[in-house]
Amino acid sequence: MIIDQALFGYDGGHRLLASSLPLGPDAPLLTELSDVAPGTIFGNGDGYWTGLPLPSLKRYALLRTWPAPEMSRPGCVWTHALLLDPKILELFEDLSDLQSLASRPKNILDTERYKHAIEMSPNNQRAQHSQPNSEIIADLIFKIYAQKEAVIKTTAPGELVSPLFSVWSQQWPRLRRNFKFQTALTRGTAGTNSIRMDITTSLASSAERLSAAPTLQTWVRAAQQDIVDSRDRELRSFLRKYGADVKKQKASFRPLVEIKLLDKKQEEDTTNRILLILAKAFPSAEDAKKLKEDLVNGDLIPSAQPGLILSLLSDDPTCILPTLNATGLIRIANLDPRSSVEMIKIAELAITSNTPTSLAIQDLLINDIPTSSQAWIIENSSGSIVRFFCKYKPSLVTERAINHLSDEDLIYVLPLIATSSNSLTELMGALLSRESKELIITLFALAPQATAIAVLRKASEFGITRISIWMAELLKRNYLLLDENVLEAASTPDVILECINALDWLSPEVLKAGCTPWISAIAALNPNLPSKKEEAIAAFFTALALHTGHNSGLSVIERFFDTLHSRIIDSDLSQKTIDFLLPHLASVSFFKGWDLGLRLRLSIVDAYVRYNWPRNSFLNLSHKKKTRIMLAEAASETAEGDYYADESLL
């Protein structure tokens, strides 16, 4: 490592005595600064230090000034200037190591060595330094970064040196190479006229210094601790990382420390505090860009990321946050929305715009976050989120999610949901709670069978009045009622009778379909026919079976004949049921026309013969002996029916 140098001293006046490189236009300034500072008190101290950047020379000048009492003229000084390439300042962890490079000449003839650059290695220049005064350190930190005028009161020459080099070492590279200071102890604050220093010092008593010490603010205490405790250098690393691209140097120190403190101790309003700090300290998009990127992407203070993304997604034209990168999106995708209420707000904002960040989050919502998280978001979100998922992930939409949508929204999304694997079946419970006629018509158009099944099932469970508007629309579409899968959902007499009425009882369509579609509905009925409605239903199915036959017709006869016949014998059949049955029973002579029981028995025999139903079934139609005798007599009255007669009963 090569370090240029220069020596200033008295030789017919204070001037440059030797240099390892031409000083150019910076020579007058260095000559002035190398002369004794006005009002300097040397005392027993060993000189003072001055540091400042030299833009024209592209060097940082670190000057050590000693009194030169051996000179003939009073007030003379020696000043050794280290002319450092700014990059060199980045190589030293502790800038106090540079102090060992400053050397006082022995006399006016000892100038030759200052004409050559110094060769050194930072690793070979480590020295033991005394523990700096922590109170002065705190005073330095506060006045450098929080005040315009930074004058440190000290009680003795040289007292400021160790604390100042410690504070300087804490700074990030760019702040280091722009730091201007002078440790000359003066009786006033006159300083130099050519340059305004960030730090100067003046003489004070111990009492004055104590009374002038400010109350330590949290950020000052944190920066002080970073210097005093050499084991804890997290803050220093943080400052080096995020101070690299800030626009304002000294003014950025405090906000950076405050953000670091938020990283260590997060609070409920952490996100808001971060946003306030960023807006005040780094108001342009390019200012502290690395810091903002790591905050938005969750690399720094992860808990604040959701809130920061909400700010990013807002329509605020003054937003200074950068867009998310791939890492930030992955971190968002891994958030459990149940522990991050902001996730729903993020989703709601993201789906309303087409910015790159919004589109990336939309893709994340659809493809990257776990299914369980998607489901939670849907079930706890507003209608806009549900509509979004209906479009892109309809299979995830649940009954609970549907409840967040208006009737108009539902009409819009139903075609989207209908294309998913679960279709609309699983959502019927929520849909049937609505009473929008337009919604009902839409649903019947999209999924007629599933809707009909759901309507009949709910009507059977809760009663027709609870679902009357849906039932009315279903009955208008009575062709659906002859679907075996649909009728299976009808399990109460009221619902079955509504279906029969809608189909106009034994209409041509009903006769064509036969008993087969009704088998499941029949199974739900009580064969003892405890009510008049069930009695009427049994009469309907009996007549249908007599007309259509098949195995399904046989099962109807086997189920209802005995009870229906007993009601006729006991004269317990309602007139309405009798009036319905009569046209569908066998004809007899005028004198026997009154005998409804006989006509039913003859109709049964005729059906068994016509459809070739098994004899064993006929013989077991009733558990009552009297009824079996009457059946045997009816069977024996016809030559073809004789096969079914039980001869033992005749």
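Throughout, read-outs are computed from the coordinates displayed, never taken from laboratory work. Computed from a prediction, not measured in an experiment: that's the story for all the values here. Note: ideal-geometry Cβ built from the backbone for every residue, glycine included; neighbour counts use all protein chains shown.
Residues whose amide H falls under 5 Å from that of Leu54, counting only those 5 or more places apart or on a different chain, are Arg59, Tyr60, Ala61, with hydrogens built in the peptide plane. Volume per residue for segment 251-350 equals 92 cubic angstrom (convex hull of Cα atoms). Counting neighbouring Cβ atoms within 10 Å and putting the fewest first, the residues Cys499, Cys515, Cys76, Cys319 line up as Cys319, Cys76, Cys515, Cys499. Mean residue ellipticity, 222 nm, helices only, the chain: the sum of -39500 (n - 2.57) across DSSP H runs of n ≥ 4, divided by residue count and rounded to 500, is -14000 deg cm²/dmol.
Across segment 485-493, rounded Karplus estimates of 3J(HN,Hα) from the backbone phi angles (6.51 cos²θ - 1.76 cosθ + 1.60, θ = phi - 60°) give 5, 6, 5, 4, 7, 8, 10, 10, x Hz, Gly and Pro being marked x. In whole percents, the pair-distance distribution calculated for segment 2-214 from its alpha-carbon pairs, binned every 10 Å from zero, is 8, 36, 38, 16, 2.
Computed from the Kirkwood radius of its Cα pairs, the Stokes-Einstein diffusion coefficient for segment 9-56 at 20 °C and 1.002 mPa s stands at 171 µm²/s. Evaluating 6.51 cos²θ - 1.76 cosθ + 1.60 at θ = phi - 60° for every residue in segment 603-612, the Karplus couplings come out as 5, 5, 4, 4, 5, 4, 5, 5, 9, 6 Hz, glycine and proline recorded as x.
Close amide H contacts of Lys153 (hydrogens built in the peptide plane, cut-off under 5 Å, sequence separation of 5 or more or a different chain): Ser202. Computed 3J(HN,Hα) for segment 613-626, one whole-Hz value per residue from the Karplus formula 6.51 cos²θ - 1.76 cosθ + 1.60 where θ = phi - 60°, is 6, x, 4, 4, 5, 4, 5, 10, 5, 9, 8, 9, 5, 4, glycine and proline marked x. Between Ala146 and Ile569, the simple spin-label model (points 7 angstrom out along Cα→Cβ) gives 10.7 nm.
Approximating the spin labels as points 7 Å out from Cα along Cα→Cβ, the Tyr643-to-Leu475 distance works out to 4.3 nm. Across the alpha-carbon atoms of segment 446-509, the computed radius of gyration and Dmax are 10.5, 31 angstrom.
Let me know the whole percent of all Cα-Cα pairs from segment 34-155 that are separated by more than 23 Å. Working shown, then result.
Values: 3222 of 7381 pairs.
Roughly 44 percent, rounded to a whole number.
Entry note, the chain: relative contact order of 6 percent, from Cα contacts under 8 Å with a spacing of 6+ residues.
In the chain, one over the average inverse separation of all distinct C-alpha pairs is 33.9 Å, which is the Kirkwood hydrodynamic radius. Amide H contacts under 5 Å for Leu503: none, restricted to partners 5 or more places along the chain or on a different chain, H placed in the peptide plane at 1.01 Å from N. For the chain, a crude dipole built from +1 on the beta carbon of Lys and Arg and -1 on the beta carbon of Asp and Glu, taken about the Cα centre, is about 2240 debye to the nearest 20.
Normalised Debye scattering of segment 363-422 at q = 0.16, 0.27 Å⁻¹ gives log10 I(q)/I(0) of -0.41, -1.18, counting only Cα atoms as equal scatterers and leaving out solvent.
If only the Cβ of Lys and Arg carry +1 and only the Cβ of Asp and Glu carry -1, the dipole of segment 161-313 around its Cα centre is close to 660 debye. Extension gain, Ile629 to Asn44: 0.36 nm times the residue separation minus the Cα-Cα distance gives 196.5 nm. If R0 is 60 Å, the Cβ-Cβ spacing of Ala445 and Ala251 corresponds to a FRET efficiency of close to 0.35.
For segment 498-631, what class follows from the C-alpha gyration tensor (a ≥ b ≥ c being the square roots of its eigenvalues): rounded when a/c is under 1.5, otherwise prolate if a/b is larger than b/c, else oblate? Rounded is the answer for segment 498-631, as its axis ratio a/c remains below 1.5.
The relative contact order of segment 515-594 comes to 32 percent, based on Cα pairs under 8 Å that sit 6 or more residues apart. For the Cα atoms of the chain, what angle does the longest principal axis make with the long axis of helix 532-548, in degrees from 0 to 90, nearest 10? So the inclination is approximately 70 degrees.
Fully extended, how many nm does the chain gain between Asn107 and Leu359 (0.36 nm per residue separation, minus their Cα-Cα distance)? Show your work: numbers first, answer last.
Values: separation 252, 0.36 × 252 = 90.72 nm, distance 7.39 nm.
Between Asn107 and Leu359, full extension yields 83.3 nm more.
The count of lysine pairs in segment 222-369 whose Cα atoms are under 13 Å apart, excluding pairs fewer than 8 places apart on the same chain, comes to 10. Could you work out how far helix 250-264 tilts from the main Cα principal axis of the chain, as a 0 to 90 degree angle to the nearest 10? Tilt of helix 250-264: around 40 degrees.
Relative to the dominant Cα principal axis of the chain, helix 161-170 is inclined by about 30°. The alpha carbon centroids of segment 582-641 and segment 9-53 are separated by 135 Å.
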